[in-house]
1. Quick one: A:ASP376, A:ASP125, B:ASP361, fewest Cβ neighbours within 10 Å first, how do they rank?
2. Report, in cubic angstrom per residue, the convex hull volume of the C-alpha atoms of the stretch B:1-131.
3. Charges on Cβ only, +1 for Lys and Arg, -1 for Asp and Glu, centred on the Cα centroid of the protein assembly as shown; of A:TYR310, A:GLN259, A:THR273, which one is farthest towards the dipole's positive end?
4. In what order do A:GLU260, B:GLU29, B:GLU424 fall by count of nearby beta-carbon atoms within 10 Å, going from fewest to most?
5. May I ask for the distance between the Cα centers of the stretch A:261-285 and the stretch B:148-169, given as a whole number of Å?
6. To the nearest 20 debye, what charge dipole does the stretch A:153-236 have about its Cα centre, counting +1 at the Cβ of each Lys and Arg and -1 at the Cβ of each Asp and Glu?
7. Can you tell me the dipole magnitude for the stretch A:347-436 around its Cα centre, using point charges on the Cβ only (Lys, Arg +1; Asp, Glu -1), in Debye to the nearest 20?
8. How far is B:ARG11 from itself in the other copies, in nm, if each label sits 7 Å out from Cα along the Cα-Cβ line, shortest first?
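Rule-based calculations on the coordinates, nothing more; no lab input. These numbers come from a predicted model, not from an experiment. Reconstructed Cβ throughout: ideal geometry from the backbone, glycine too, with neighbour counts over all protein chains shown.
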Number of protein chains: 2
Amino acid sequence: MIEPVVLKGFRDSVPSQEIPKRRLITKLEGIFSLYGFSPIDTPALEYTNVLLGKGGGETDKQIFRFEDNGGRDVALRFDLTVPFARFVALHGSELSRPFKRYHINKVWRGENPQKGRYREFYQCDFDIVGVDNEYADSEILSTMDFCFRTIFSSDSSAYRFHISHRGLFNEFLDSLEVRDKSVEILRTVDKLRKIGRDEVLRLLSEETGSQDKAEKILSFISCDTSRPFLENLEYLEGLIGHESESSERLRAIYALLEQEGIASSFSLDSSITRGLDYYTGIVYETFLTGAPSIGSVCSGGRYNNLASLYTKESLPGVGSSIGLDRLLAALEDLHSPLLESRSSADVLIASEDKASSYEEDVRIAGRLRQEGIRCDIYPFNVKKMKAVYDYSGKNSIPLILFHNWKKERMLKDTRDQSSQTVTEEETVIAVRNKLSGPAGIQA
Amino acid sequence: MIEPVVLKGFRDSVPSQEIPKRRLITKLEGIFSLYGFSPIDTPALEYTNVLLGKGGGETDKQIFRFEDNGGRDVALRFDLTVPFARFVALHGSELSRPFKRYHINKVWRGENPQKGRYREFYQCDFDIVGVDNEYADSEILSTMDFCFRTIFSSDSSAYRFHISHRGLFNEFLDSLEVRDKSVEILRTVDKLRKIGRDEVLRLLSEETGSQDKAEKILSFISCDTSRPFLENLEYLEGLIGHESESSERLRAIYALLEQEGIASSFSLDSSITRGLDYYTGIVYETFLTGAPSIGSVCSGGRYNNLASLYTKESLPGVGSSIGLDRLLAALEDLHSPLLESRSSADVLIASEDKASSYEEDVRIAGRLRQEGIRCDIYPFNVKKMKAVYDYSGKNSIPLILFHNWKKERMLKDTRDQSSQTVTEEETVIAVRNKLSGPAGIQA
């Protein structure tokens with residue numbers, strides 16, 4: 001006998017997890033389609049040098065890398081950005097410019113598993129490449145807003161987008177004459193939430209060689225995000241000493257968000273710098289009001305060259321990535337209605353004497369399915385109702401349509417234990433009423 | 001510069017491939033849900049001994065197997081059946097009995113790539129475990145029928161299910177007193193389509209030591225599949241010499257299919273034996289009338305113990321697997337309407353002067369999206385229409401809503417080159433009419 005275990009850091013998805021996850025993914029796919037993003041997919045396995053670039057470096061230890069049977073050095077993809085860059089370079093001529101894609105699939109990393117961190121997890125990326133202007137920037141933000149508005153049933157107080165611009169911060173460092181230290185400073189600033197103000201101040205003093213500059217940097221990134229966006233923008237311009245391309249871009253994006261009527265969900269937050277060198281324009285993170293400890297659930301920014309490793313074509317772009325597993329964990333904590341129904345079916349048809357009722361049962365099942373109602377048939381003669389309740393319970397099926405040996409048909413609602421007699425003709429309507437009622441939980 | 005290549009046997013999925021694939025998968029998922037199957041997922045990577053059982057053997061060379069950074073012997077899953085068995089053994093107590101699951105995801109095999117065969121491909125499996133009776137058998141067949149009826153828009157002449165029963169064949173071999181040779185005989189018979197009658201006859205004569213028995217076997221597996229199901233069943237019972245549990249099960253299943261009104265899509269075909277030892281009851285394959293050369297696109301059968309490697313619990317089951325990539329290739333050849341639309345959006349909004357029209361454009365886009373109409377916005381001022389047509393062409397977007405500098409709005413249909421002026425109020429209805437019209441291709 002082999003022990004049925006999964007690898008450390010990996011996990012199965014049982015129906016009660018997979019059903020809401022599929023529902024969330026389907027919703028997101030629908031929204032990306034509404035905005036004209038196309039789905040793509042890439043192989044799980046690629047040449048290691050394609051995934052790592054020539055160098056490799058730190059990421060190296062974190063990836064699943066091996067020699068395949070043909071002696072090739074291959075690795076499992078560790079994100080969806082690198083494969084996207086390779087993809088655009090390879091298929092360039094058949095893709096439009098701009099090109100808008102989404103990609104929802106698994107990636108693998110060998111890092112040490114921690115709470116909420118796994119070695120196999122989903123990424124959900126959407127990007128617009130081949131355009132660098134405020135319309136594209138605002139469209140990514142609008143798509144994010146549509147996603148979270150949908151997830152939270154139009155309760156816009158449930159989420160908040162914090163946005164900033166890399167250029168703003170760089171211009172500020174210019175004004176302090178410490179721009180040459182920007183990489184170290186960015187990394188330090190990015191740790192603010194983790195290591196606290198005092199430690200950040202100490203490190204910044206070291207890096208800039210000046211306590212005064214360190215305090216100025218700290219005050220730059222500490223703007224009050226509850227203040228109106230444009231007020232914060234003016235405040236930051238004041239600290240920098242002048243307007244600039246970056247602040248003008250932010251102003252233009254904000255104007256478009258206002259025209260769309262969604263501006264009130266966006267805060268200008270100069271503490272958002274995002275660690276990666278990759279970003280060159282706006283950067284953003286998304287926080288859930290009810291789950292602050294979970295951190296950002298959707299982040300991204302503008303970059304000025306996606307695929308420079310693989311092609312000479314310059315491809316500026318802007319994109320965003322939803323942390324699906326983290327978002328699901330947050331929605332779980334928040335008891336989101338989106339995750340409520342984990343049922344495999346809406347109705348379970350069960351009979352005391354299947355042989356005599358089968359024809360009628362499948363006819364009713366057929367009609368219910370025609371109406372889009374998910375219908376399961378219990379495949380045994382019912383001897384004890386307990387077995388049926390156990391089956392419906394484990395599969396979270398709310399309704400049972402029970403056909404007894406007296407040829408009566410009863411519709412039982414397992415949620416409130418109610419029961420009513422129904423004729424074949426009444427069945428579809430009775431089921432529909434139950435599902436759309438106050439306790440209705442149809443997917 | 002790194003060459004942007006993918007590994008041999010692997011491939012990207014560009015939007016024109018991924019859009020119809022996603023649509024097919026969504027349709028199938030919907031049907032599985034209508035029948036009460038639950039989705040599950042398992043890790044791509046597992047312990048090698050869990051995937052291979054203790055032995056290993058032939059499959060060994062075909063799998064992607066390596067030592068991970070922690071020194072574990074791991075491999076990429078090569079099918080969804082083995083992980084399902086491991087899954088049921090691991091999560092047994094939280095799953096219902098019977099348990100109905102579907103699983104659509106990628107698997108990996110190191111075999112040499114041939115036309116239509118890849119090292120990474122999708123499998124789409126659905127199974128009912130924990131029950132062994134005619135209801136469960138018929139439900140899998142009914143689900144298959146619903147899938148193909150949906151794919152072929154209710155044209156039931158487009159597909160045909162060929163079914164048989166392992167027991168029938170074994171009983172026949174019993175009657176010839178060659179049951180001890182059944183493994184070799186099954187393998188030979190399975191090659192009929194590939195190597196032809198004469199060669200099969202020669203091999204069978206060798207294996208049974210009798211030309212007469214070889215001819216009898218050949219005539220047993222050559223029953224005329226165009227004859228009515230029950231007539232064939234009686235003919236085969238005649239060859240065996242008696243009725244049996246197997247023929248009774250087939251009769252009972254057929255009666256249920258008749259009650260459901262779908263029996264006419266099923267042929268009894270004694271040449272269906274399926275190579276694998278695994279199957280113990282009914283076995284079946286699915287052929288497309290318009291694409292005979294492509295072979296079976298959906299196959300499966302009944303097995304009497306899914307998870308014996310991992311648990312003492314006996315889990316009989318019945319299941320089926322749709323060859324998604326093969327089915328897609330066939331639908332492509334057949335110019336299926338299901339694959340017709342590969343558009344990233346239904347409408348593209350473009351403007352000569354975005355700055356002045358943006359507010360109106362996003363308002364209209366918002367309204368169209370509210371109606372479920374997929375709407376893309378061209379992110380540049382239009383200088384030449386050619387660029388817009390190029391964009392809509394590469395993304396197969398049928399309609400363009402063009403806002404010119406005179407503030408007129410025109411709805412252009414790229415399919416017939418027609419054009420009409422519309423006011424903002426008329427836009428949604430005009431777009432909807434265009435999409436639902438005779439050339440309507442909305443997803």
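1. By the 10 Å Cβ count, ascending, the order reads A:ASP125, B:ASP361, A:ASP376.
2. In the stretch B:1-131, the Cα hull volume divided by residue count equals 165 Å³.
3. Working it through, the farthest residue towards the positive pole turns out to be A:TYR310.
4. B:GLU424, B:GLU29, A:GLU260
5. 55
6. Charge dipole of the stretch A:153-236: 300 debye, to the nearest 20.
7. Details: 16 positive and 14 negative charges, 57 e Å.
So the magnitude is around 280 debye.
8. 3.5
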